[in-house]
Structure formats: C-alpha cells, structure tokens
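Take a look at the structure below.
Every number in this text was worked out from the coordinates using simple rules, so none of it is lab data. Note that the coordinates shown come from a computational prediction; the quantities given were computed from them, not determined experimentally. Here the Cβ is made from the backbone with ideal geometry for all residues, glycine too, and neighbour counts use every protein chain on show.
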Amino acid sequence: MSEEKKLTEQESLQLIADMIKKAKGSYHDTGIGSLLWGSVVSIASFVTYLQSVYKFSIGFDIWLIVVAAIVPQIFLAAREKKQTRAKQYDDDTVNAVWLVFGITIFGLSFYQAVIPDATTRLIHSNGWELIKRYTDGSKPDEVLKPFAPSLYSIYLLLYAFPTLVTGIVKKFRPMVVGALLSYIMFIISCFTATNYDMLLGAFTAIVCWFIPGIILRRKYLAGRAAANV
Amino acid sequence: MLEGLLPMFKELDPILHSQLRLAVMSLLIGVKEADFTFIREKTNATAGNLSVQVQKLRDAGYIDVVKQFKDNYPQTTCKITSQGVKAFEEYVKTLQQYLKTGS
C-alpha cells in the first residue's frame with residue numbers, strides 16, 4: 001500500500017470499509033481456555049454423577065481438577081496477553097465478566113462447603129436441630145445437617161451467564177446456543193435428583209465451552225495458517 | 001460567478017486523504033490499540049513507509065504512539081486520539097457529501 005496514491009471518494013469509502021472489516025476480523029480467541037474449562041467441568045460433573053449412581057469412589061474429590069486448572073489458565077492468559085497485537089474495545093469487558101464469574105463460582109463453592117456446619121452451629125445455639133423423618137416409619141428419626149437443596153442447578157444458571165455475554169458481545173453464535181441450552185438444563189435440573197443434575201452439568205459444560213472451544217480453536221488455527229501462506 | 005450555484009464543498013482533510021494514512025486510521029478506529037506489526041500486516045505496507053505515515057498522523061495529533069520494550073523486544077503501540085476520531089468522522093461526512101452530490 002503506497003502513501004502517494006490519491007484516492008477517489010468511492011475508493012476512500014471502500015478502503016475505510018475494508019480496514020474496519022479487517023480490524024473486526026482480528027478477534028481470534030485461541031479457544032484453549034474454553035477447551036480447558038469445558039473439559040475439566042464436564043469430567044468433574046460426569047465422574048460425580050457416575051460415583052453417585054454406581055456407588056463407588058475414586059479416592060479423591062474430582063472437583064479438585066477444577067481448582068488445579070487455574071494454574072494452566074493463569075499461564076495461558078499471560079501467554080495470550082503477550083501474543084495479542086490488537087486490543088478490541090470490548091476485550092476488557094468480556095475479560096471482566098469471566099473474572100467475576102470465576103470469583104462467583106468459587107464464592108458459591110465456599111458457601112456450599114461452609115454453610116452446613118455454620119448453620120448447624122447457629123441453630124444449635126438457638127436450641128433446636130433439623131430432624132429427618134421417614135414418612136413410612138421404617139427407620140428412626142435422624143439428625144440432619146442443613147444443606148442447600150439442588151444447589152448444582154444454580155451452577156448451571158451461572159454457567160450460562162458469561163457464556164451468553166461473550167456470545168452476544170463477540171457475535172459468536174455457538175456460545176449463544178450453548179448458553180440457551182444451559183438455561184434449558186437449568187430448568188430440567190430443578191425437577192431432577194442431584195446426581196442427574198451432575199449429568200446435566202456435564203452436558204452444559206460441553207455445549208457452553210467445549211464445543212465452542214473446538215470451533216474457536218479451528219478458526220484460530222485456520223487464521224494462523226492463512227497468515228503464514 | 002458559479003459560486004452561488006454550486007454546492008459548498010469542504011476540503012477533504014489532506015492528512016487523511018492518502019491511501020496508507022487512511023488505512024491506518026480506519027484500522028485504529030475499530031480497535032482500542034494495535035501493534036505496529038499488526039498495522040503493517042493488515043495494510044501490507046513496508047515498515048519504512050508505514051513508519052513515516054504513522055509519524056505524520058502522530059504529528060497531526062490524530063494518533064498516540066507508545067514505544068516500549070516487551071520481553072527485550074521493542075514494541076510500538078498505536079492508538080487513535082479523540083482529535084483523530086473527530087477528524088475521521090469529519091472526513092467520512094465530507095466524503096458522503098461528495099458522493100451524494102455526485103450521484
């Protein structure tokens with residue numbers, strides 16, 4: 001492209017349109033983050049489902065892999081930041097949404113871990129406790145630890161949130177579809193037992209992140225191959 | 001004598017009315033900031049030519065240029081200024097005027 005060439009009005013407008021299109025097309029998520037989180041959340045959900053349905057234990061909490069995935073995520077985010085050559089206006093917004101989502105998920109996990117014991121202590125200090133009573137009278141009453149019923153439904157609802165925001169802002173239809181399916185899974189999970197909620201969670205992670213991750217990765221690799229031609 | 005009969009045309013901004021400088025500005029209007037290498041790749045310009053045109057846009061106050069070292073490599077980042085956005089919008093408006101009258 002030469003500096004000297006004087007343009008006609010039509011050529012100028014065409015050039016502006018082409019360049020704006022090129023700038024917009026420069027958003028290339030590598031897809032690795034989506035693949036990573038889609039994998040770990042779907043594996044953890046599915047293994048939890050299998051353990052509860054087939055009554056076995058793998059010997060450790062499978063959800064630790066989700067916590068462990070933070071380490072490669074930090075490494076990936078730092079590497080992608082270095083490789084980014086053009087920053088879009090909405091990049092910071094989308095990143096902030098995912099950060100808040102991450103904090104919320106860990107906050108909810110903390111709530112899930114702490115609330116039963118904390119509530120037990122509180123209600124004991126008030127001089128009462130929860131009792132589980134079998135309606136057919138086949139077993140004696142048992143003291144019950146308080147718990148949030150079907151809490152994984154709330155996770156499903158949350159999975160849809162950053163996915164839908166990213167899908168809409170970046171005009172990336174697979175994430176919009178994934179988020180809409182996630183809302184459907186949420187509604188179904190409100191009527192199913194917790195172990196089936198886990199199965200729905202595995203499906204949600206696949207449609208929200210894993211499949212969009214594959215599509216993003218393919219696009220990214222195709223874009224890189226085209227740039228190297 | 002014809003002055004009253006012909007529509008009044010604004011002059012097209014000479015800083016923007018050049019192929020490479022207009023391409024750079026059109027790229028930067030769509031992003032928050034961009035590396036020199038990104039602009040060079042998208043415009044297919046030579047580094048030397050692009051460097052000269054970026055400097056002209058910077059001198060006009062249309063873009064900000066930040067030179068820094070990232071992992072021991074020099075990195076030049078360009079960002080459009082509010083003055084640049086205004087000039088670009090004005091340029092597009094004037095172009096549209098020309099085209100409307102021409103059609």
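Summary of values
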| read-out | value |
| --- | --- |
| Added length on full extension, which subtracts the Cα-Cα distance from 0.36 nm per residue, A:T135 to A:K171 | 7.7 nm |
| Solution diffusion estimate, µm²/s, Stokes-Einstein, the stretch A:87-229, Kirkwood Rh from C-alpha pairs, 25 °C, viscosity 0.890 mPa s | 135 |
| Hydrodynamic radius (Kirkwood) for the stretch A:163-229, which is based on Cα pairs only, to one decimal in Å | 13.0 |
| Computed E for A:V143/A:A96 - FRET, C-beta separation, R0 45 angstrom, nearest 0.05 | 0.55 |
| Residue exposure sequence - A:C190, B:C78, A:C208 - by fewest surrounding Cβ within 10 Å | A:C190, B:C78, A:C208 |
| Residue of B:G48, B:G61, B:G84 that the Gaussian network model of chain B assigns the largest fluctuation, springs spanning Cα pairs under 10 Å | B:G48 |
| Average beta-carbon neighbours from other chains, 10 Å sphere, peptide B:14-26 | 5 |
| Span from the the stretch B:38-103 Cα centroid across to the the stretch A:145-159 one, whole angstrom | 51 |
| Largest-first principal axis extents of the Cα set of chain B (Å) | 63, 25, 21 |
| Selected from A:Y111, A:Y89, A:Y49 as most flexible by GNM, with chain A as the system and alpha-carbon contacts under 10 Å | A:Y89 |
| Per DSSP, loop trypsin sites (Lys or Arg not before Pro) in the stretch B:24-103 with at most 16 further Cβ within 10 Å | B:K32 |
| Low-density loop cleavage sites - trypsin sites (Lys or Arg not before Pro) in the stretch A:18-85, where at most 11 other Cβ are within 10 Å (DSSP) | A:K55 |
| The protein assembly as shown: translational diffusion in µm²/s, Stokes-Einstein, Kirkwood Rh over Cα pairs, 4 °C, 1.567 mPa s | 53 |
| Calculated [θ] (222 nm, deg cm²/dmol) that DSSP helices of n ≥ 4 give over the protein assembly as shown, each run adding -39,500 (n - 2.57) | -21000 deg cm²/dmol |
| Largest-first principal axis extents, alpha carbons of the stretch A:90-170, Å | 58, 30, 14 |
| Longest site-free stretch - chain B; sites: GluC sites (Glu not before Pro), DSSP loop, at most 16 other Cβ within 10 Å | B:12-103 |
